[in-house]
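The next block holds one structure in the form of structure tokens; read it before the comments.
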Amino acid sequence: MSQCAALILAGGSGSRQGGDVPKQYLEIAGRGILRRAAECFARHPRVDMVRVVIREQDRALYDAQFDGLDILEPAAGGATRMDSARLGLESLAELDPGCVLIHDGARPFVDGGLVDRTLDALKTARAAVPALPVNDTLKRSGDGGATVADTVDRNGLWRTQTPQGFRYADILAAHRAAVGSELTDDAAVAESAGLSVALVAGEEDNIKVTTPGDLARAERLLAGRLGMTRTGTGFDVHRFGPGDHVMLCGLRIEHDAGLEGHSDADVGLHALTDAILGAVAEGDIGSHFPPSDPQWRDAPSDVFLRHAAALVARRGGEIVHLDVTLICERPKIAPHREAMRACIAGILQLPTGSVSIKATTTEGLGFTGRGEGVAAQAVATVRMPAP
Ligand code: MG
């Protein structure tokens, strides 16, 4: 099956009044607008690759915002939106995807359903754009906006949104042919190449954040969407046995013993998985991955963690923060702490700042004190849609 790429356009320089940071790099509810847009595609099972097109001078802003999100390196954009879209498409040439979704980086509320509808339309159409019918009466002014010159018939008029979907070869050729023209969306480029463009249902919430008023509206939308904060806790223990390494928080650490367990015995990821499952009241790791099932023998525990995170995402929720405490005398955790944070952030596509790893001994007391095993506890905080 051919691959699907998402190209996120973030080459704009429009900034908030008084600021010099372009809008797409501002945060709503603790996460950047551009990152929110990109995350939807990065997490979508039908999207294979994601690339953001940025201004070169925004690279530091980009790096700070995309910490922990595993997507393609950004591509450099051009002077106009048209140039940025074409350069972004050219940058995918080596990867040669079958189809491409082109999305505005300033639309953070794109969701999986909209991506699905656009991709579904591409099964039969050469191009597809989400759109909404125009409901307001339209006026044209004749003197710079002072008075109404006439009323425009809104019948058959649609407001288009993104992501707009195309077959990759089609839209690349269309953009190459349209260099220098001043079209305002990629569908117009496809139309200019004679391609038929299908309309799919857009979403009112899929707003483009352009003015300070939009930013306030985006904050309100998100507060409404994720109005409920929930926490969950997890606890796990694994016993030491023969071996030469342990897996802790996704990291392989050389050691003079191993940890026994049905899977890779990663006590840190197991506690964390249970914490996330707890936050969404979805049972525990054993109910999702029974130890009696041979398919989980020696399984890497990131599979369990991803599954728990997917349950949160499926309900429209968001992981806000994770905190793990590892309890053991040895191995020493401190030298590996930062690598563990990065590992978990990478598995869950979270900012590293949202992942905390702590460690403690039990002063020689109890089973961890006697060096018989490792224990871990974890707390997960998630935001969910209010019921
Ligand atoms: Mg376990």
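Remarks
- With all protein chains modelled, accessible area of Thr233 [1.4 Å, Å²]: 100
- Expected 222 nm ellipticity per residue - DSSP helices of 4 or more, -39500 (n - 2.57), all of the chain, to 500: -8500 deg cm²/dmol
- Using only side-chain charges placed at the Cβ, +1 for Lys and Arg and -1 for Asp and Glu, the dipole size of the stretch 23-70 relative to its Cα centre rounds to 220 debye.
- Ordering Ala279, Asn206, Met384 by the projection of their Cα atoms onto the charge dipole of the chain, which places +1 on the Cβ of Lys and Arg and -1 on the Cβ of Asp and Glu, puts Asn206 at the extreme positive end.
- Ranked order, Met228, Met49 - accessible area, probe 1.4 Å, largest first: Met228, Met49
- Antiparallel content of DSSP bridges confined to the chain, in %, to 5: 65
- Gyration tensor (alpha-carbon) shape descriptor, the stretch 249-298, a/c threshold 1.5: oblate
- Computed magnitude of the charge dipole of the stretch 43-88 (debye, nearest 20; Cβ of K, R +1, Cβ of D, E -1): 260
- Nearest-10 value in Å² for the accessible area of Glu219, using the 1.4 Å probe: 80
- Accessible-area composition of the chain, carbon plus sulfur, in percent [1.4 Å probe]: 50
- log₁₀ of I(q)/I(0) at q = 0.10 Å⁻¹ - the chain, Debye sum with one point per alpha carbon: -0.74
- Note on Asp63 and Arg330: the model spin-label points, each 7 Å out from Cα along the C-beta direction, lie 3.8 nm apart.
- Candidate residues Asp143, Asp96: accessible-area rank, largest first, probe 1.4 Å: Asp96, Asp143
- Listed by chain and number, the aspartates and glutamates whose alpha-carbon sits under 14 Å from that of Lys139, ignoring those within fewer than 8 places in the same chain, are Asp150, Asp153.
- For the chain, the longest principal axis of the Cα atoms and the long axis of helix 267-279 meet at an angle of about 50 degrees.
- Using alpha-carbon coordinates, inclination of helix 81-91 to the longest axis of the chain, degrees: 50
- The simple Förster model, with R0 at 30 Å and r as the Cβ-Cβ distance, assigns Glu372 and Arg306 a FRET efficiency of 0.50.
- Computed accessible area, Ile207, all protein chains, 1.4 angstrom probe, square angstrom: 20
- Over the stretch 37-136, the fraction of Cα-Cα pairs per 10 Å bin, rounded to whole percents and listed from the shortest bin up, is 13, 44, 35, 8, 0.
- Nearby aspartates and glutamates by direct alpha-carbon distance to Lys358 (threshold 12 angstrom, same-chain neighbours under 8 apart not counted): Asp323, Glu338
- Three-way shape label, the stretch 197-342, alpha-carbon gyration tensor, a/c 1.5: prolate
- Taking all Cα pairs closer than 8 Å and separated by 6 or more residues, the relative contact order of the chain comes to 16 percent.
- Rounded to the nearest 10 degrees, the inclination of helix 302-314 to the longest alpha-carbon principal axis of the chain is 40 degrees.
- Remark: spin-label model distance Ser141-Leu157 equals 1.5 nm, labels positioned 7 Å along the Cα→Cβ axis.
- Per residue accessible area of the chain, 1.4 Å probe, in Å²: 46
- Residues in the stretch 18-58 reached by a label modelled at Leu87 [backbone nitrogen below 18 Å; 7 Å Cα→Cβ]: 22-25, 51-58
The values are calculated or read from the model by the stated rules, or taken from the named source; none is laboratory data. Keep in mind it's a predicted model, so treat the numbers as computed, not measured. Don't worry about glycine lacking a Cβ; one is built from the backbone with ideal geometry, like all the others, and counts go over all protein chains shown. Calculation scope for accessible area: heavy atoms of the full protein, side chains included, ligands and nucleic acids excluded. Shrake-Rupley method; radii C 1.70, N 1.55, O 1.52, S 1.80 Å.
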